[in-house]
Amino acid sequence: MSYYFSKTLHISFDRAIAKVTESLQQSGFGILTEIDVQATMMKKLKIDMQSYKILGACNPAFAYQALQIEDKIGTMLPCNVVVQQTENGVEIAAIDPVASMQAVENPTLKEISEQVRVKLEEAIDRLED
């Protein structure tokens, strides 16, 4: 089982960030955090790398349900979505919540992670150039 699913777009990096943010919102996710890895690497290590951002996506209803089942599940939230410039375009990759939750042996949590997976896959699948 892969731990992520992805799609490559042939648009500008900034346009990809806007599109993925909008698509996630359509699936009920908000962006809690945005980490600019490229800027951090330059600032901390003086390393110039490709555009790379990590978006911390959260669907509040699912997050609340998961927290009611496992109060330490916050250690695995939010769902990370990576947007990175590659030679082939801008790749958007989202964590597969089913894969990430396998370490937690709770069948009810597995059901929720499957529902979150569907919503995240919808958001990635609807992305177009």
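Worth pointing out:
- Ranked packing of 74-80, 33-39, most packed first, by mean Cβ within 10 Å: 74-80, 33-39
- With viscosity 0.692 mPa s and temperature 37 °C, the Kirkwood radius over alpha carbon pairs of region 8-52 converts through Stokes-Einstein to a diffusion coefficient of 272 µm²/s.
- Close amide H partners of Tyr4, meaning residues 5 or more places away or on another chain with modelled amide H under 5 Å apart, are Asp96.
- When the alpha carbon coordinates of region 66-129 are projected onto the principal axes, the ranges are 40, 20, 16 Å, largest first.
- In the structure shown, the pairs Lys19/Lys53; Lys46/Lys72; Lys19/Lys110; Lys72/Lys110; Lys7/Lys44; Lys19/Lys43 are assessed against 25 Å; a Cα-Cα span above that value is assigned to Lys46/Lys72; Lys19/Lys110; Lys7/Lys44; Lys19/Lys43.
- Cα-only radius of gyration and Dmax that characterise the chain, units Å: 15.1, 45
Each reported figure results from applying straightforward, stated rules to the coordinates on display, with no laboratory input. Computed from a prediction, not measured in an experiment: that's the story for all the values here. Please note: Cβ atoms are built from the backbone with ideal geometry, for glycine as well, and neighbour counts cover all protein chains shown.
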